[in-house]
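Asks: Mind having a look at this structure? Questions to follow.
The values are calculated or read from the model by the stated rules, or taken from the named source; none is laboratory data. Model, not experiment: these values are computed from the prediction. Counting neighbours? That spans all protein chains shown, and the Cβs are built from the backbone with ideal geometry, glycine included. The accessibility values were calculated without ligands, DNA or RNA, using every heavy atom of the protein model including side chains. Shrake-Rupley method; radii C 1.70, N 1.55, O 1.52, S 1.80 Å.
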Amino acid sequence: MGLFVFVCAAAMVLVGAVGVVTRNNPVHAALSLVLTLFGIAVLFVANNAHFLAAVQVIVYAGAIVVLFLFVIMLLGVDQAEDLSLEPLTVQRPLALVVSIGVTGVIIAAVLKSQDALFARGTGIDSATLQDADANIRQLSRSIFTDYVFAFEVTSVLLLIAVVGTVVMSRRQHGQHVEESV
Amino acid sequence: MNALLAETLVGPSIDWAGISPLLVLLGGSCLLLLVGSIFPRLPKGTYCAFTVLVSLTTAVAAMLQWRDVTKSGPRNLIADAVALDHFALLATIAISISIALVSLITDDYLRREDYDGPEMYALYLTAAIGGVVMASSNDLIVLFLGLETLSLSLYLLTASHRKRAESQEAGLKYFVLGGFSSAFFLYGIALTYGSTGSTNLSKISSALSGDSPFSQIDAMLLIGIGLMLVGLAFKVSAVPFHIWTPDVYEGAPSPVTAFMASAGKIAAFTALLRVLVVAFPTRIDDWRPAIWVLATLTVLAGSILAVMQTNVKRMLAFSSISHAGFLLVGVEAAGHAGDKDALAAVLTYLLLYAVLVIGSFAVVTVVAGKGDSHTTLDDFRGLGQRRPVMALALTVFLLAQAGMPATSGFIAKFGVIKAAAEVQSYSIAVIAMLGAVIAAFLYLRIMVSMWLADSTNDAELFVPVGAGIAIAFASVFTVAVGVYPGWLLDATRMVSDISISVIQAVDSTTDVPAG
């Protein structure tokens, strides 16, 4: 059962991810992203991380993709980039070879260290499974003890995002500078 | 309900003094944004002066901590997430000096390009926060957040000239490629976490050492280290992950290029050393060959490609790649167990190179003129006639970058080559020196065009005050350190305490019973 759920969810994630890159219509790409994010939520549920699964659906699949769609609609759906244009003809076949190679190496490495991982892993704590609030409690404990510094540094990232939005979207006065030759 | 009340959460103790440099930087950037939005018409140069003040305060805070660490030893703060040691503090001081110098150049640059507002200065400060966090992180998550803080600020700074298409293009290229490299780094963290059970550098180190069950060779861990190396090699622009560097350095506003080549490099290299030296000292034989290959490729490719350029900004971009190769030679030497001089050599190199490169780009900023458009080698023709003093300063910077004795560049290059020779890495030392010889040709080319060719442009070249101060400081520093290097070398020798704090942290974690 566990394996079956995993395979289905993984297939959802991968199909969605490929869809995001290959779809020409940006709306379809954004909807493929929803598929990927749902697949990840299913994987969270399969690992008893119910709270994370809920957050995944509400924040990512819900709010963020809606924002994506807003932006796509505002910019216009019909503006498709011409992807057939290619300055260096070797790079796409080369990228394919390299990406298949890297994927192969990573899969081989994970398979090779499978035994060691099973030997070390303790699995899911059975006490956690019985307690309905355990997820949230563990998460908050991590955030406010071990990762409190990381949590605070994240706020600086948000500050940069705010400044960046202002810098990038401010109306510019004056002439554009001539291209240098 | 009772169970909930009974458990009160005890957070980790926070050593406010220990993170005071970060707090100064954060407070400074927030205040700058706040004041900038409330009072839009401030006298010219206020933002610049304020940023210089904040960065100098940061340096002073770091120096106070330096004294404290010398007295009571290095330690880890806030649930072992941050390390407080001489290594981190020296990086903090170097980054603060970089922001102060870069702000001085930026002031006149912004006026020339008809920009105002505090955004660029605020982004320098937030980028510095990222850099300091990277240099002092003792946890991979914290390191990643520092990396993102630095990178996001740099993407924005690169694209900040909204009226120049090259700047926008460079920003987008950097953003897309940087996003990929961050993803590699994050995947590396995930695989490392999977195979060691922790993201904390000290805990990873202890999990991999001795007879713990994690210490056997683990294929997944190797991939994790490899992917993290890819992410960091991109940030230090090591060949073959350097493709973005020339385009971004050329397209970015010149002061920002100076900032990327100084503070950006300091942060990326200190993070690289943290990960390799603190977390994986038991895996030296696995990562040292990779660094060896990166270092030789970077030194040679950087120097050879630099010679072929005709744009001074691109030349300096490739020269910064070749310097990154030299620094990697030092990182390779730092891999040898028990060798701590290499760490000092790398940090000295970073500090000296930061000042050199800011000086060089300050001259480029002044010569480039409005729109940053005059940066070809032809635009530097006859600079010796138009502005002899500035041409002399650039000559000093270029000679120092080439490694001339009696300049700081010699001290820097000598340090890493000596560190490599001391651990019997002779082949890499020879290759690095060969690279230095090739790169010397590039610096000569700029000098010849400055002094021996006649100027084609008779327009008066105005040297603004801020840039003048920065150039003067950088050139005096370059010569002074070149002639009297002793005090700096004595100070940097103390940075070898990087892994002492780790041992203490591991001791303190073993005291606590599991669970």
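Asks: So what does residue B:323 come to for accessible area, using a 1.4 Å probe and Å² rounded to 10?
Replies: Using a 1.4 Å probe on the heavy atoms, I get roughly 10 Å².
Asks: Against the longest principal axis of chain B, how steep is helix B:284-307, in degrees 0 to 90 to the nearest 10, with axes from Cα atoms?
Replies: Long axis of B:284-307 versus the principal axis of chain B: about 10 degrees.
Asks: Can I ask one more? Please work out how much length the chain gains when fully extended from residue B:71 to residue B:111, using 0.36 nm per residue of separation minus the C-alpha to C-alpha distance, in nm with one decimal.
Replies: Taking residue B:71 through residue B:111 to full extension adds about 9.8 nm, to one decimal.
Asks: Turning to a different aspect of this structure: Normalising by the residue count of chain B, find the relative contact order in percent from Cα pairs under 8 Å and 6+ residues apart.
Replies: 16
Asks: How large is the helix-only mean residue ellipticity at 222 nm for chain B, computed as the sum of -39500 (n - 2.57) over DSSP H runs with n ≥ 4, divided by its residue count, in deg cm²/dmol to the nearest 500?
Replies: -24000 deg cm²/dmol
Asks: Name the residue from B:351, A:93, A:17 whose Cα lies farthest towards the positive end of the charge dipole of the protein assembly as shown, charges +1 on Cβ of Lys and Arg and -1 on Cβ of Asp and Glu.
Replies: B:351
Asks: Still on this structure, I have one more. With a cut-off of 8 Å between alpha carbons and a minimum separation of six or more residues, what is the relative contact order of region A:1-78 in percent?
Replies: Computed value for region A:1-78: 30 percent relative contact order.
Asks: Grab the beta carbon distance between residue B:284 and residue B:23, set R0 = 51 Å, and tell me the FRET efficiency rounded to 0.05.
Replies: It comes to 0.90.
Asks: I'd like the carbon and sulfur percentage of the solvent accessible area for region B:15-507, probe radius 1.4 Å, heavy atoms only, ligands and nucleic acids excluded.
Replies: Summing carbon and sulfur atoms, their accessible area is 70 percent of the total for region B:15-507.
Asks: Oh, and also: Pop out the ³J(HN,Hα) list for region B:78-92 in order, Karplus 6.51 cos²θ - 1.76 cosθ + 1.60 with θ = phi - 60°, rounded to Hz; leave Gly and Pro as x.
Replies: Going residue by residue, I get 6, 6, 6, 7, 10, 9, 10, 8, 4, 4, 5, 5, 5, 4, 4 Hz, with x marking Gly and Pro.
Asks: Could you tell me which of the pairs B:370/B:413; A:112/B:173; B:71/B:203; B:173/B:418; A:112/B:418; B:235/B:413 are separated by over 31 angstrom between their Cα atoms in the structure shown?
Replies: B:370/B:413; A:112/B:173; B:173/B:418; A:112/B:418
Asks: At the nearest 100 Å², what buried accessible area, both sides summed, do you get for B and A when the probe is 1.4 Å?
Replies: 4000
Asks: Using a 1.4 angstrom probe with every protein chain in place, what is the largest-first accessible-area order of B:456, B:46?
Replies: B:456, B:46
Asks: While we're on this one: Averaged over all directions, how much area does the convex hull of the C-alpha atoms of chain B cover when projected, in nm²?
Replies: Value for chain B: 25.0 nm².
Asks: With every protein chain left in place and a probe of 1.4 Å, what is the accessible surface of residue B:341, to the nearest 10 Å²?
Replies: Its accessible surface works out to 70 Å², give or take rounding.
Asks: By accessible area of protein heavy atoms, probe 1.4 Å, what ranking do B:48, A:8 get, highest first? Show your work: numbers first, answer last.
Replies: Working: B:48 10, A:8 60 Å².
Accessible-area ranking of B:48, A:8, largest first: A:8, B:48.
Asks: List for region B:153-179: residues with 40 Å² or greater reduction in accessible area, all protein chains versus chain alone, probe 1.4 Å?
Replies: SASA drop of 40 Å² or more in region B:153-179: B:156, B:162, B:163, B:166.
Asks: On to the next question. Could you sort B:250, A:152 by their accessible area in this structure, using a 1.4 Å probe and putting the largest first?
Replies: On the way: B:250 60, A:152 100 Å².
Largest accessible area first, the residues go A:152, B:250.
Asks: Can you send over the solvent-accessible area of residue B:426, 1.4 Å probe, protein chains only, in Å² to the nearest 10?
Replies: 120
Asks: Still on this structure, I have one more. List the residues whose amide H sits under 5 Å from the amide H of residue B:82, counting only those 5 or more places along or on another chain, with H placed 1.01 Å from N in the peptide plane.
Replies: For residue B:82, the qualifying residues are B:77, B:138.
Asks: Would you mind computing, in nm to one decimal, how far apart the modelled labels at residue A:151 and residue B:424 are, each placed 7 Å from Cα along Cα→Cβ?
Replies: Here the answer is 5.1 nm between the modelled labels.
Asks: Which listed residue (B:62, B:29, B:73) has the Cα farthest towards the positive end of the charge dipole for region B:1-97, taking +1 on Lys and Arg C-beta and -1 on Asp and Glu C-beta about the Cα centre?
Replies: B:29
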